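This report concerns only the one structure given below.
The values are calculated or read from the model by the stated rules, or taken from the named source; none is laboratory data. These numbers come from a predicted model, not from an experiment. Quick reminder, even Gly has a Cβ in these numbers, built from the backbone with ideal geometry, and neighbours come from all protein chains shown. Surface accessibility is based on the protein's heavy atoms, side chains included, excluding ligands, DNA and RNA. Shrake-Rupley method; radii C 1.70, N 1.55, O 1.52, S 1.80 Å.
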Amino acid sequence: MASRSIPAAPILAPPTAELQRIRQQCPILVSTGCTPEFCQSGRMLHTDEPRVGENRAISVVKHEATEFLKEMHRAGYFENEAACTKRVESVLAEIERNSREGVIRHSKKQGLVGGNWVQELKELEFGVRKAWLNSRKCIMRSHYEELVLCDLRHVKSSEGIAQELIKGLIKAYNNGVIQPTVFVWPPRPIDGRGAMIWNPSVASFAGYRMSDSSVLGDPTNVELTKAILELGWVPPVHKGRFDLLPLVTMAENDVPVVIELPAVLRQTIKIRHPQYIQGFDDLDLEWYSYPALSRFGFDIGGVQYTAAPFIGWWTDAEIGVRNLADTSRYNALPEVVKALRSQSSTSSDIDAFDDLPEFEKLAWLSRAQTELTYAVTCSFHRAGVTIVDSLTASAKWCNFDDAFKKQNGYRLPSDPYWLALPQGSILPVWHRGGAPNYQPKPLVCKHVQDPIKAWARERDRFSAVNGVRPRIKTINFREADIVEDYVVLSRDIPIAEHHTIGTRSHYPGNSVAHCKYDMSIFFCSAGVNAEKLANRLHDHITSLPISLPNVTGIRKPQPLNNLDVFSLTENHILLLVVSTTGRGKIPSNGRHFAQTCQTMVRGSPSVSKPVFRYSVFGNGDSRYTSTYNGGAVKIHDLLQVIGGKPLGFGLWEADVAIDILPTASLRNWNSTLPGSIEITGLTEPQLIHTPTLQPSHMIIRQFRHHQREFMSARVIEVQPRPQGESRGLMTVRIEVDTSTWDNLGCVQILPVNSRLKVKHLLGLLGLNGSRAVKIESENLLQALTYETFFEQIVDLEAPFLSFSWLEELVHPRHDKAWAIISEFLQAAKAIDAMSHLCSMRLLGPATPTEICRKMLLALPLLNTRTYSIASARGYNSMLQHVNTEQAQAQQLDVIIKPITGGRFSDTFLNDHSITASLYVRLIDSACGQILRDWNGEVPIILIATGAGFAPVRAFIQRQIVRRRHELQSQPDAPSVATESASQFPMSIFLGFKECDASIGDALLADAKKLGLVDMVRVVLSNVQKHRIQDEITSVEISSLLKQKIMEQNGMVFICSGQQPAKGIEEALDKLIGGSARKVLGARLIMEVF
């Protein structure tokens, strides 16, 4: 038998070129939990991953500190090698001084443990930013340079940590426009555990273990909920699936503190589907509005920060595919399937789902997952809270990683289990199998200890030494208490302030009349939209039926960083699509270009610069009002600084708040380019910087906004109708085209122009109402007809913005009669001015088209009016005149104060009859969520004057509806409550004019009958000048009110005009003997109009 050779042991290949490059730039690599014998890539959590909270040998700490500072030097943070060496020597000496004997965790032996060193602010900034960049499980790292640092290393108590964290989170949350922010507390000392936060996320839902072993709420938080209950936290009386837990903070050598989050950080988003409205409403799903991971720490240069909470924003899949859908979490998909099948014409038996074949179950569950994720994204957008969809997040990461590799020669660390989002092969990141999984330092990681178990070990020691029990404390904040204590990490290059540059009389380009131009398109964006728009721009220009005579070539779009500034000549035309990231910053794939421009200017300010041409398309978001198109503005200004000459408008500003992908605005920009490009070599282009839109573009934005955000509605009742000189409050009932609107919200009303007036005007001008408005050289919006334009877009009841168009219609006249007419036109309503000019035969069907176009652009835009919704869903269905609950659900009330000449209260209501049509947008109010959260566990005092009664009326109606539902569910309950339905009833103080005395009588009587109110004070206008604030401080009730506020932690809601609000606040100050704003904090809610 022939012998068989035994294969030799495999020879390990040398490190790849990529690994060599990684080691050169990342000299400290730590375990990812995998070994040659045992790979954990399929696990969510790996064993043997690095942690903070451990003693390390002095040699390790010194090595990590040295390499960290060298890495900073490579990044340009030290002026020269000598400065870096000096800092390293100083740090090593500090580590030596702070070191002492202890047990080293890795070896479990006694040794010299490395001490801490105090990192300078720029070092900590660099470290947290680099740690996020190295976080191999995070797909949103393309935003790492936007990170904001809140340096709180001076805060050393549990209570202080809680106070500063909540204060900082309020600022970072920014009413839903979230700014990524990290909070850093003191580093862990030798042998200490360091500061810790119990909650895995600042906002977390409770998980209650029930008697039958089931879980009500979030199963992930069962142990956390149990531990917080043991600290003395009292949960809501009626426990639910989505009860937010309090925050528990625990400083080094301190006991834990339990703190309820303020209302602004307790906001949850109701998950609603725009198509399956009733089905999703019945599911009653919600999720908290921001992720703020709080059990992670930072390991930076040998220093361990054990508590470093981080706030960012959700991806849709985190909520829709994981948190709500996982069988180990809320397991919502089976119920979503029922909601979908209930509206399916092919599925009659909803409960037969379990009997379906497995492949059909899979189809329904997959669809449910998709629809739930879609509903999550729609719900967050509706609430105005930042969220990113998986497709965008995946594309952002791929683009960012590709750009990083191109610049550095290797890819960033990637854990495929975490980065490959659950939607699978639909997403680009799914196909990136070649990404390396390694872990450099600095890094983000977990603590070696569980905070709950750590407290269990420390509790007896604290009790034995100090007799200390954990204390429960509620902290309230005012916006005014939130100070600017943040440090923005990204190192902005200095940018010249943007300004308008007028046309020069001479420049070198005048001599190149017949030059040929090379056109290039560049983009920069943290996401994918700018690249999409750049590609569309390229396709548009290359498909023009008439070629551009002066252009020899059009290059395909590239990232802005690829543009070589020093190669630009007068033969170049640059078209740039620029997004904005962070707080008005240039995205990372354009930042190198910006830095090069700045270096070019600083290095040779006197050298003549190339005279190239450019135009910038700003892809901005007007919801970030103070930084709208900030990145585009900076790029525009830099191009001018280095010698660029704007084409056309120079900077064209689009708005993704109106169009998510602003293709219509891109087309408008496109339409301005060919003419500008053709004349480039012949005459000097006008140098224009237009940070505001042209009138035609504002009209387009307005029309798009109305189409997207507003719904049709009808006025169905006005009580009382204005009569003679009566100017009392009016209640207007409006029927809207939806039954899903938030109690205690607001309605924005677009008070459209009268159709009779519009029809009359169209006749005078000889315009066909069904034809598209021509406001540019081409019909940019076929859907915008003259009838819609005059009815919904412009305000015919306000004066013209200008009459420059009229100068082209008539020759200048200087006689006295014309001066009188001109003065009349300046002050007249636009419709009256046009009617007068028609009567003079200066306007009419024969008016030249260009003059008519300019006249339309000079009309003022129609603005909305915002009112508090003065009714609660379900209340009017109890009244006899409403036939069905569905009809009632589509009706809402507003209370308005008639104002002479008021656009809605006077003009609209007088011009239109009952059942008049208008357009509305439903939005939440600033205090809506806070008031909706009130459940009677603390007192509430409601104070309103005049039209400020509207939200109070809605609040009382809501409580009546809830109480009646309680009574209906208890057949044996008395129809009249003999005592308060909740622990604390409402206390109500109202101030009205005498003509409005009865506006709330029936409602207040109903509330009293049900035991919902313990005191009502109504003050009417009187000659003695006795005001509602005088009632607050009256002898007979002041002590009771003070008890409600001071001893029972009561809330106070004030809704009134400025002067009454000031008087009411002063009365509260007097009542409690101090500043109501400071004492009550978030418990004082004010809406001042």
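Quick one: if the Förster radius is 35 Å, what FRET efficiency do Ala846 and Ser917 give, using the C-beta to C-beta distance and rounding to 0.05?
0.60
Solvent-accessible area of Thr377, all protein chains in place: 20 Å² (probe radius 1.4 Å, heavy atoms, ligands and nucleic acids excluded).
Each 5 Å bin from zero up to the one holding the largest Cα-Cα distance in the stretch 934-1089 carries the following percent of pairs: 2, 9, 19, 22, 20, 15, 8, 4, 2, 0.
Whole-Hz Karplus values for the stretch 944-957 come out as 8, 10, x, 5, x, 5, 4, x, 5, 4, 5, 5, 5, 4 Hz, taken residue by residue from phi with 6.51 cos²θ - 1.76 cosθ + 1.60 and θ = phi - 60°; glycine and proline positions read x. With all protein chains kept in place, the per residue accessible area of the stretch 262-345 amounts to 32 square angstrom at a probe of 1.4 angstrom. Our summary of shape: the Cα atoms of the stretch 258-320 have principal axis extents of 55, 27, 14 Å, ordered from largest down, in whole angstrom.
Arrange the residues Arg963, Arg322, Arg136 by how much accessible surface each exposes, largest first, with a 1.4 angstrom probe.
Values: Arg963 35, Arg322 85, Arg136 10 Å².
So the residues, ranked largest to smallest area, are Arg322, Arg963, Arg136.
Simple spin-label estimate for Arg1017 and Asn910 gives 3.8 nm between the two label positions (7 Å along the Cα-to-Cβ direction from each Cα). Model label sites at Glu37 and Asn253, defined 7 Å from Cα along the beta-carbon direction, differ in position by 4.4 nm. Ranked by solvent-accessible area (1.4 Å probe, protein heavy atoms only, all chains present), the residues Arg74, Arg704, Arg591 order from largest to smallest as Arg74, Arg704, Arg591.
In order along the stretch 759-764, the phi-based Karplus estimate (6.51 cos²θ - 1.76 cosθ + 1.60, θ = phi - 60°) of 3J(HN,Hα) comes to 4, 4, 5, 4, x, 4 Hz; Gly and Pro are listed as x. Here the Kirkwood formula, the inverse mean of 1/r across different C-alpha pairs, assigns the stretch 16-104 a hydrodynamic radius of 15.8 Å.
Length gained on full extension, His965 to Lys829, computed as 0.36 nm times the residue gap minus the Cα-Cα distance: 43.9 nm.
Ranked from largest to smallest solvent-accessible area, with a 1.4 Å probe on the protein heavy atoms, Glu96, Glu146, Glu54 come out as Glu96, Glu54, Glu146.
Amide H contacts of Val385 (H built 1.01 Å from N, in plane; Pro and chain starts excluded): no residue 5 or more places away or on another chain comes under 5 Å. Taking all protein chains as they are arranged and a probe of 1.4 Å, the heavy atoms of Glu49 leave approximately 40 Å² accessible to solvent.
The distance between label points at Ala352 and Gln1024 comes to 7.5 nm (points 7 Å beyond Cα on the Cα→Cβ vector). Rolling a 1.4 Å probe over the protein heavy atoms leaves Thr580 with an accessible area of roughly 40 Å². In this calculation the C-beta distance from His106 to Asn175 is compared with R0 = 35 Å, giving a FRET efficiency of 0.15. If r is the Cβ-Cβ distance from Ser839 to Arg667 and R0 is 60 Å, what FRET efficiency results, to the nearest 0.05? After rounding to 0.05, the efficiency reads 0.95. Extension gain for Met1046-Asp191 works out to 303.5 nm (0.36 nm per residue, less the C-alpha to C-alpha distance).
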